[in-house]
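Notes for the one structure printed next.
The values are calculated or read from the model by the stated rules, or taken from the named source; none is laboratory data. From a predicted model like this one, the values you see are computed outputs, not experimental measurements. Neighbour counts run over all protein chains shown; Cβ positions are idealised from the backbone, glycine included. Keep in mind that these areas ignore ligands, DNA and RNA; they rest on the heavy atoms of the full protein, side chains included. Shrake-Rupley method; radii C 1.70, N 1.55, O 1.52, S 1.80 Å.
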Amino acid sequence: MPHVLVVGSSNTDLVMNTPRLPTPGETLLGATFFSVQGGKGANQAVAAARAGAKTTFIARMGNDNFGQQALLSLQKENIHTDHILLDPDWPSGVAFILVDDHGENSIIVASGANAALSPIQLETAERVFEHADICLLQLETPIDTVLYATQLASQYQTPVILNPAPATQLPSEIWPHLYLITPNETETEMLTGISPNTDQNAQRAAQMLLNRGVQNVIITLGARGALLVTPTQTHHIAAPHVTPVDTTAAGDAFNGALAYALANDQTLPQATRFACAAGALTVTQAGAQPAIPTATQIWQLLKNQ
Ligand code: ADP
(Lines give C-alpha, C1' and ligand atoms only; values in the text may rest on other atoms or scores of the structure.)
Protein backbone atom coordinates (compact mmCIF):
# COMPACT_ATOMS: atom_id res chain seq x y z
CA MET A 1 0.00 0.00 0.00
CA PRO A 2 1.45 3.43 -0.88
CA HIS A 3 2.67 5.18 2.28
CA VAL A 4 2.34 8.96 2.64
CA LEU A 5 3.99 10.81 5.53
CA VAL A 6 2.41 14.18 6.36
CA VAL A 7 4.16 16.54 8.79
CA GLY A 8 2.16 19.59 9.80
CA SER A 9 -0.53 21.41 11.71
CA SER A 10 -3.74 20.38 13.41
CA ASN A 11 -6.30 22.95 14.54
CA THR A 12 -9.83 22.87 15.83
CA ASP A 13 -11.97 25.37 13.92
CA LEU A 14 -14.54 27.06 16.19
CA VAL A 15 -17.03 28.57 13.78
CA MET A 16 -19.82 31.05 14.47
CA ASN A 17 -22.36 32.09 11.86
CA THR A 18 -23.53 35.54 12.84
CA PRO A 19 -25.88 38.08 11.19
CA ARG A 20 -22.98 40.55 11.04
CA LEU A 21 -19.43 40.83 12.42
CA PRO A 22 -19.21 42.60 15.83
CA THR A 23 -17.50 45.97 16.27
CA PRO A 24 -14.89 46.35 19.09
CA GLY A 25 -16.56 46.28 22.51
CA GLU A 26 -19.87 45.00 21.13
CA THR A 27 -21.70 41.84 22.29
CA LEU A 28 -23.88 40.21 19.63
CA LEU A 29 -26.64 37.64 20.20
CA GLY A 30 -28.16 35.37 17.58
CA ALA A 31 -25.17 33.39 16.34
CA THR A 32 -25.02 29.65 15.73
CA PHE A 33 -21.92 27.62 16.61
CA PHE A 34 -20.20 24.47 15.40
CA SER A 35 -16.68 23.08 15.63
CA VAL A 36 -14.73 21.03 13.06
CA GLN A 37 -11.27 19.55 12.81
CA GLY A 38 -8.92 21.52 10.60
CA GLY A 39 -5.33 22.66 10.09
CA LYS A 40 -3.63 22.19 6.73
CA GLY A 41 -1.54 19.23 7.91
CA ALA A 42 -4.51 17.33 9.31
CA ASN A 43 -6.69 18.13 6.27
CA GLN A 44 -4.00 16.88 3.90
CA ALA A 45 -3.47 13.71 5.96
CA VAL A 46 -7.22 13.03 5.78
CA ALA A 47 -7.16 13.67 2.01
CA ALA A 48 -4.27 11.22 1.49
CA ALA A 49 -5.94 8.56 3.65
CA ARG A 50 -9.34 8.90 1.92
CA ALA A 51 -7.61 8.75 -1.49
CA GLY A 52 -6.23 5.34 -0.50
CA ALA A 53 -2.84 5.84 1.17
CA LYS A 54 -1.46 4.34 4.33
CA THR A 55 -0.94 7.70 6.02
CA THR A 56 1.29 8.65 8.94
CA PHE A 57 0.75 12.13 10.41
CA ILE A 58 3.37 13.80 12.60
CA ALA A 59 1.97 16.73 14.59
CA ARG A 60 1.86 18.34 18.02
CA MET A 61 -1.33 19.09 19.94
CA GLY A 62 -2.14 20.05 23.51
CA ASN A 63 -3.16 17.38 26.00
CA ASP A 64 -6.58 19.02 26.26
CA ASN A 65 -10.08 18.23 24.98
CA PHE A 66 -9.35 19.73 21.56
CA GLY A 67 -6.17 17.68 21.13
CA GLN A 68 -7.79 14.46 22.32
CA GLN A 69 -10.77 14.95 20.00
CA ALA A 70 -8.50 15.75 17.05
CA LEU A 71 -6.47 12.60 17.71
CA LEU A 72 -9.60 10.44 17.85
CA SER A 73 -10.96 11.85 14.62
CA LEU A 74 -7.65 11.15 12.83
CA GLN A 75 -7.67 7.59 14.15
CA LYS A 76 -11.20 7.13 12.79
CA GLU A 77 -9.72 7.92 9.35
CA ASN A 78 -7.20 5.08 9.87
CA ILE A 79 -4.34 7.57 10.04
CA HIS A 80 -1.24 6.36 11.93
CA THR A 81 -0.88 8.65 14.93
CA ASP A 82 2.04 7.05 16.85
CA HIS A 83 4.21 10.12 16.31
CA ILE A 84 1.62 12.73 17.30
CA LEU A 85 2.58 14.29 20.62
CA LEU A 86 -0.06 15.53 23.07
CA ASP A 87 2.05 18.15 24.83
CA PRO A 88 0.84 19.12 28.32
CA ASP A 89 2.76 22.42 28.17
CA TRP A 90 0.78 23.90 25.25
CA PRO A 91 -2.88 24.39 24.35
CA SER A 92 -4.02 22.79 21.07
CA GLY A 93 -4.14 24.98 17.98
CA VAL A 94 -7.51 26.67 17.48
CA ALA A 95 -9.00 28.99 14.88
CA PHE A 96 -11.89 31.31 15.78
CA ILE A 97 -13.89 31.85 12.62
CA LEU A 98 -16.75 34.35 12.37
CA VAL A 99 -18.86 34.21 9.19
CA ASP A 100 -21.60 36.77 8.54
CA ASP A 101 -24.75 36.43 6.43
CA HIS A 102 -22.91 37.79 3.36
CA GLY A 103 -20.16 35.17 3.66
CA GLU A 104 -17.64 37.78 4.90
CA ASN A 105 -15.36 36.32 7.58
CA SER A 106 -12.91 37.25 10.35
CA ILE A 107 -10.46 34.59 11.50
CA ILE A 108 -8.01 34.47 14.38
CA VAL A 109 -5.60 31.53 14.68
CA ALA A 110 -3.81 30.62 17.93
CA SER A 111 -1.17 28.13 16.78
CA GLY A 112 -0.57 26.74 20.28
CA ALA A 113 1.22 23.38 20.19
CA ASN A 114 1.73 23.60 16.38
CA ALA A 115 4.39 26.23 17.12
CA ALA A 116 6.22 23.70 19.32
CA LEU A 117 6.53 20.96 16.65
CA SER A 118 10.31 20.58 16.78
CA PRO A 119 13.12 18.89 14.84
CA ILE A 120 13.69 16.66 17.90
CA GLN A 121 10.17 15.27 17.58
CA LEU A 122 10.90 14.41 13.93
CA GLU A 123 14.08 12.56 14.92
CA THR A 124 12.02 10.10 16.93
CA ALA A 125 10.14 9.30 13.69
CA GLU A 126 13.25 8.88 11.53
CA ARG A 127 12.21 5.34 10.48
CA VAL A 128 9.01 6.73 8.98
CA PHE A 129 11.01 9.22 6.90
CA GLU A 130 13.07 6.26 5.72
CA HIS A 131 10.17 3.96 4.79
CA ALA A 132 7.47 6.37 3.51
CA ASP A 133 7.04 6.62 -0.28
CA ILE A 134 6.50 10.37 -0.14
CA CYS A 135 6.63 13.18 2.44
CA LEU A 136 4.10 16.05 2.31
CA LEU A 137 4.71 19.36 4.13
CA GLN A 138 3.05 22.78 4.53
CA LEU A 139 4.00 26.00 6.37
CA GLU A 140 1.72 26.18 9.45
CA THR A 141 4.50 24.82 11.69
CA PRO A 142 7.94 26.39 12.43
CA ILE A 143 10.05 26.82 9.30
CA ASP A 144 13.11 25.24 10.99
CA THR A 145 11.08 22.07 11.51
CA VAL A 146 9.87 22.11 7.89
CA LEU A 147 13.45 22.54 6.69
CA TYR A 148 14.64 19.71 8.95
CA ALA A 149 11.88 17.44 7.59
CA THR A 150 13.06 18.10 4.02
CA GLN A 151 16.64 17.24 5.02
CA LEU A 152 15.64 14.06 6.82
CA ALA A 153 13.53 12.90 3.87
CA SER A 154 16.35 13.71 1.41
CA GLN A 155 18.75 11.66 3.49
CA TYR A 156 16.58 8.59 2.71
CA GLN A 157 15.77 9.60 -0.89
CA THR A 158 12.10 10.03 0.08
CA PRO A 159 10.62 12.62 -2.32
CA VAL A 160 9.24 15.77 -0.67
CA ILE A 161 6.17 17.75 -1.75
CA LEU A 162 6.00 21.22 -0.20
CA ASN A 163 2.63 22.95 -0.30
CA PRO A 164 3.91 26.48 0.55
CA ALA A 165 0.78 27.57 2.43
CA PRO A 166 0.13 30.00 3.99
CA ALA A 167 2.14 32.25 1.68
CA THR A 168 5.54 33.25 3.01
CA GLN A 169 9.15 33.54 1.85
CA LEU A 170 11.27 30.36 2.01
CA PRO A 171 14.89 29.86 3.15
CA SER A 172 17.20 29.31 0.16
CA GLU A 173 18.56 26.00 1.59
CA ILE A 174 15.18 24.33 1.18
CA TRP A 175 14.92 24.30 -2.64
CA PRO A 176 17.35 21.47 -3.51
CA HIS A 177 15.51 19.14 -1.09
CA LEU A 178 12.16 19.52 -2.89
CA TYR A 179 10.85 17.05 -5.47
CA LEU A 180 7.77 19.20 -6.02
CA ILE A 181 6.30 22.52 -4.87
CA THR A 182 2.54 23.23 -5.20
CA PRO A 183 1.75 26.94 -4.70
CA ASN A 184 -1.71 28.37 -5.42
CA GLU A 185 -2.06 31.73 -7.20
CA THR A 186 -1.43 33.91 -4.10
CA GLU A 187 1.54 31.81 -2.99
CA THR A 188 3.03 31.87 -6.50
CA GLU A 189 2.87 35.65 -6.53
CA MET A 190 4.44 35.84 -3.05
CA LEU A 191 7.31 33.52 -4.06
CA THR A 192 8.04 34.93 -7.53
CA GLY A 193 6.45 38.39 -7.79
CA ILE A 194 4.56 37.09 -10.86
CA SER A 195 0.77 36.69 -10.81
CA PRO A 196 -0.05 33.44 -12.67
CA ASN A 197 -3.12 35.07 -14.25
CA THR A 198 -2.34 33.71 -17.73
CA ASP A 199 -0.75 30.42 -18.78
CA GLN A 200 2.27 32.33 -20.02
CA ASN A 201 2.75 34.10 -16.66
CA ALA A 202 2.20 30.85 -14.74
CA GLN A 203 4.85 29.22 -16.93
CA ARG A 204 7.30 32.07 -16.25
CA ALA A 205 6.69 31.85 -12.50
CA ALA A 206 7.15 28.06 -12.53
CA GLN A 207 10.40 28.41 -14.45
CA MET A 208 11.67 30.87 -11.85
CA LEU A 209 10.94 28.29 -9.12
CA LEU A 210 12.67 25.51 -11.11
CA ASN A 211 15.73 27.77 -11.37
CA ARG A 212 15.90 27.87 -7.56
CA GLY A 213 16.48 24.10 -7.48
CA VAL A 214 13.08 22.42 -6.98
CA GLN A 215 12.65 19.47 -9.39
CA ASN A 216 9.01 20.04 -10.44
CA VAL A 217 6.31 22.69 -10.01
CA ILE A 218 2.51 22.50 -9.96
CA ILE A 219 0.70 25.85 -9.73
CA THR A 220 -2.93 25.34 -8.70
CA LEU A 221 -5.23 27.79 -10.45
CA GLY A 222 -8.63 27.31 -8.75
CA ALA A 223 -11.38 26.71 -11.33
CA ARG A 224 -8.72 26.94 -14.09
CA GLY A 225 -7.14 23.68 -12.87
CA ALA A 226 -3.38 23.30 -12.50
CA LEU A 227 -0.19 23.92 -14.47
CA LEU A 228 2.48 21.21 -14.16
CA VAL A 229 5.96 22.29 -15.18
CA THR A 230 8.97 19.95 -15.13
CA PRO A 231 12.42 20.57 -16.65
CA THR A 232 11.25 18.79 -19.82
CA GLN A 233 7.47 19.22 -20.10
CA THR A 234 4.51 21.51 -19.39
CA HIS A 235 0.92 20.30 -18.97
CA HIS A 236 -2.12 22.45 -18.30
CA ILE A 237 -4.64 20.16 -16.61
CA ALA A 238 -8.18 21.54 -16.69
CA ALA A 239 -10.29 21.30 -13.54
CA PRO A 240 -13.43 19.19 -13.89
CA HIS A 241 -16.46 21.44 -14.31
CA VAL A 242 -18.41 21.57 -11.02
CA THR A 243 -20.80 23.93 -9.23
CA PRO A 244 -18.82 25.47 -6.36
CA VAL A 245 -20.48 25.66 -2.92
CA ASP A 246 -17.48 26.31 -0.63
CA THR A 247 -13.86 26.42 -1.79
CA THR A 248 -12.41 25.73 1.71
CA ALA A 249 -9.76 22.98 1.67
CA ALA A 250 -9.65 22.56 -2.14
CA GLY A 251 -5.87 22.98 -1.97
CA ASP A 252 -5.60 20.53 0.94
CA ALA A 253 -7.63 17.89 -0.91
CA PHE A 254 -5.50 18.48 -4.01
CA ASN A 255 -2.22 17.99 -2.13
CA GLY A 256 -3.28 14.92 -0.14
CA ALA A 257 -4.64 13.20 -3.25
CA LEU A 258 -1.54 14.18 -5.23
CA ALA A 259 0.73 12.64 -2.56
CA TYR A 260 -1.26 9.38 -2.67
CA ALA A 261 -1.16 9.24 -6.47
CA LEU A 262 2.61 9.82 -6.66
CA ALA A 263 3.24 7.32 -3.85
CA ASN A 264 1.16 4.89 -5.95
CA ASP A 265 3.54 5.35 -8.91
CA GLN A 266 1.25 7.46 -11.09
CA THR A 267 3.16 9.79 -13.44
CA LEU A 268 3.17 13.52 -12.63
CA PRO A 269 0.50 14.35 -15.27
CA GLN A 270 -1.71 11.44 -14.11
CA ALA A 271 -1.29 12.41 -10.46
CA THR A 272 -2.10 16.05 -11.23
CA ARG A 273 -5.31 15.00 -12.99
CA PHE A 274 -6.26 12.82 -10.00
CA ALA A 275 -5.54 15.72 -7.61
CA CYS A 276 -7.58 18.17 -9.71
CA ALA A 277 -10.56 15.82 -9.43
CA ALA A 278 -10.14 15.68 -5.63
CA GLY A 279 -9.95 19.51 -5.45
CA ALA A 280 -13.03 19.92 -7.66
CA LEU A 281 -15.10 17.49 -5.57
CA THR A 282 -14.14 19.35 -2.40
CA VAL A 283 -15.58 22.66 -3.62
CA THR A 284 -18.97 21.01 -4.20
CA GLN A 285 -19.43 20.42 -0.42
CA ALA A 286 -19.47 22.74 2.59
CA GLY A 287 -16.69 22.70 5.19
CA ALA A 288 -13.11 21.43 5.19
CA GLN A 289 -12.63 17.80 6.27
CA PRO A 290 -16.27 16.75 5.66
CA ALA A 291 -15.86 17.86 2.01
CA ILE A 292 -12.70 15.86 1.27
CA PRO A 293 -13.56 13.04 -1.19
CA THR A 294 -12.90 9.30 -1.03
CA ALA A 295 -11.00 7.29 -3.68
CA THR A 296 -14.29 5.96 -5.06
CA GLN A 297 -15.66 9.47 -5.60
CA ILE A 298 -12.44 10.64 -7.28
CA TRP A 299 -12.24 7.66 -9.66
CA GLN A 300 -15.94 8.05 -10.48
CA LEU A 301 -15.50 11.70 -11.45
CA LEU A 302 -12.45 10.86 -13.58
CA LYS A 303 -14.40 8.08 -15.31
CA ASN A 304 -17.34 10.39 -16.09
CA GLN A 305 -15.14 13.12 -17.56
P1 ADP B 1 -6.29 26.76 -2.65
O2 ADP B 1 -7.52 26.13 -2.07
O3 ADP B 1 -5.03 26.35 -1.96
O4 ADP B 1 -6.39 28.25 -2.84
P5 ADP B 1 -6.93 26.34 -5.46
O6 ADP B 1 -8.05 27.32 -5.30
O7 ADP B 1 -5.97 26.57 -6.58
O8 ADP B 1 -6.09 26.13 -4.12
O9 ADP B 1 -7.63 24.90 -5.67
C10 ADP B 1 -6.88 23.69 -5.71
C11 ADP B 1 -7.42 22.80 -6.82
O12 ADP B 1 -8.80 22.49 -6.56
C13 ADP B 1 -7.40 23.45 -8.21
O14 ADP B 1 -6.17 23.21 -8.86
C15 ADP B 1 -8.56 22.73 -8.89
O16 ADP B 1 -8.12 21.49 -9.40
C17 ADP B 1 -9.54 22.49 -7.75
N18 ADP B 1 -10.54 23.57 -7.73
C19 ADP B 1 -10.55 24.67 -6.95
N20 ADP B 1 -11.61 25.47 -7.21
C21 ADP B 1 -12.29 24.85 -8.19
C22 ADP B 1 -13.50 25.13 -8.94
N23 ADP B 1 -14.22 26.26 -8.70
N24 ADP B 1 -13.92 24.25 -9.89
C25 ADP B 1 -13.22 23.11 -10.13
N26 ADP B 1 -12.08 22.79 -9.46
C27 ADP B 1 -11.62 23.64 -8.52
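What the phi angles of the range 254-270 give under the Karplus curve with 6.51, -1.76 and 1.60, with θ = phi - 60°, is a coupling list of 4, 5, x, 5, 4, 4, 4, 5, 5, 5, 8, 6, 6, 6, 4, x, 4 Hz, glycine and proline written as x. Residues in the range 1-128 average 49 Å² of solvent-accessible surface per residue, probe 1.4 Å, ligands and nucleic acids excluded. Between Asp89 and Arg204, the C-beta separation translates, for a Förster distance of 51 Å, into a calculated FRET efficiency of about 0.65. One Cα centroid belongs to the range 43-73, the other to the range 212-241; the line between them spans 28 Å.
With each run of n ≥ 4 DSSP H residues scored as -39500 (n - 2.57), what mean residue ellipticity at 222 nm is computed for the chain after dividing by its residue count and rounding to the nearest 500 deg cm²/dmol? Let's see the in-between values first.
Working: 10 runs with 110 residues, N = 305.
Roughly -11000 deg cm²/dmol at 222 nm, from the helical runs in the chain.
Relative to one another, the C-alpha centroids of the range 254-305 and the range 85-100 are positioned 28 Å apart.
Quote the convex hull volume per residue of the range 1-147, based on C-alpha atoms, as a whole number of Å³. Mind showing how you got there, number by number?
On the way: hull volume 18.5 nm³, N = 147.
Value for the range 1-147: 126 Å³ per residue.
Once the Cβ-Cβ distance of Thr232 and Asn65 is raised to the sixth power relative to R0 = 45 Å, the FRET efficiency obtained is 0.30.
What are the equivalent ellipsoid semi-axes of the range 154-305, built from the alpha-carbon gyration tensor (square roots of five times its eigenvalues), in whole angstrom, biggest first? Can you show the working numbers first?
On the way: eigenvalues 116, 58, 42 Å².
Taking √(5λ) for each Cα gyration eigenvalue gives 24, 17, 15 Å.
Quick one: Cα convex hull volume of the range 155-224, Å³ per residue? Mind showing how you got there, number by number?
On the way: hull volume 5.8 nm³, N = 70.
Looking at the range 155-224, the number lands at 82 Å³ per residue.
Over the chain, what is the mean sequence separation of C-alpha contacts under 8 Å (at least six apart), divided by residue count, expressed as relative contact order in percent? The value is 18 percent. In this simple spin-label approximation, His241 and Leu29 carry label points 7 Å from Cα along the Cα→Cβ vector, and these lie 4.9 nm apart.
What whole-number value in Å² describes the accessible area per residue of the range 166-305 for a 1.4 Å probe?
Working: 6170 Å² over 140 residues.
Dividing the accessible area of the range 166-305 by its residue count gives 44 Å².
Building the convex hull from the alpha-carbon atoms of the chain and averaging its projection over directions returns 15.8 nm².
Would you kindly give the portion of the calculated P(r) for the range 98-193 that falls above 23 Å, as a percent of all Cα pairs?
33
In this Cβ point-charge picture (+1 for Lys and Arg, -1 for Asp and Glu), the chain has a dipole of about 780 debye about its Cα centre.
Looking at the calculated P(r) for the range 25-74, what percent of the C-alpha pair distances fall above 18 Å? Intermediate results must be reported in sequence, preceding the final value.
Numbers: 550 of 1225 pairs.
When every Cα pair of the range 25-74 is considered, 45 percent fall beyond 18 Å.
Report note on the peptides 165-172, 138-145: ranked by the mean count of other C-beta atoms within 10 Å, highest first, their order is 138-145, 165-172. Computed over Cα pairs, the Kirkwood radius of the range 205-266 leads via Stokes-Einstein (1.306 mPa s, 10 °C) to a diffusion coefficient of 122 µm² per second.
Evaluate the range 246-305: find the radius of gyration of its Cα atoms, find its Kirkwood radius, and give the ratio Rg to Rh.
Working: Rg = 10.6 Å, Rh = 11.1 Å.
With Rg and the Kirkwood Rh in hand, the quotient comes to 0.95.
If you take the charge dipole of the range 81-230 about its Cα centre, with +1 on Lys and Arg Cβ and -1 on Asp and Glu Cβ, which of His131, Asn216, Ile143 is farthest toward its positive end? The one lying farthest along the dipole's positive direction is Asn216.
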